[in-house]
1. Order of Trp32, Trp80 from fewest to most other C-beta atoms within 10 Å?
2. Applying 1/(1 + (r/R0)^6) with R0 = 30 Å to the Cβ-Cβ distance of Arg78 and Ala48, what FRET efficiency is obtained, to the nearest 0.05?
3. For His7 and Phe24, calculate 0.36 nm times their separation in residues minus their Cα-Cα distance, and state this gained length in nm to one decimal.
4. Quick one, what does Rg over Rh come out to for the stretch 2-85 if you take C-alpha atoms and the Kirkwood Rh?
Amino acid sequence: MRKTLKHIVSEYGTIALALYLLIFALVLGGTWLGLLAGWAPASAGGTAGTLAAAYIITKLTQPLRIGATVLLTPVIARLWERARSKRPRRVSDAQEDA
């Protein structure tokens, strides 16, 4: 699975990396909020413990996050290119092409 992720990152670059980090942040934040909703720590140490627990749970979902990145990156890249091709060209873009 990691070889496939490396291939996707080498082929799509920034889009793949940004998507992976976005998925990571969403899972971590969602897990943390879910833990807070079910358990209210009484101290700053308790909040740090909740964040640590959310991080551990997020690490356990890593194979799923890698799979989602591998599956979604080509789709997101196509949508990104389609959106870029429909935007009006700026003077600076035309100068880069020349």
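Laboratory data are not the source of any read-out in this text; all were calculated from the coordinates shown. Here the structure is a predicted model, which is why all the values come from computation and not from measurement. Every residue, glycine as well, gets a Cβ built from its backbone with ideal geometry; the counts of neighbours run over all protein chains shown.
1. Lowest to highest Cβ neighbour count: Trp80, Trp32.
2. According to the calculation, E is roughly 0.15.
3. Residue separation times 0.36 nm, minus the Cα-Cα distance, leaves 4.2 nm.
4. 1.13
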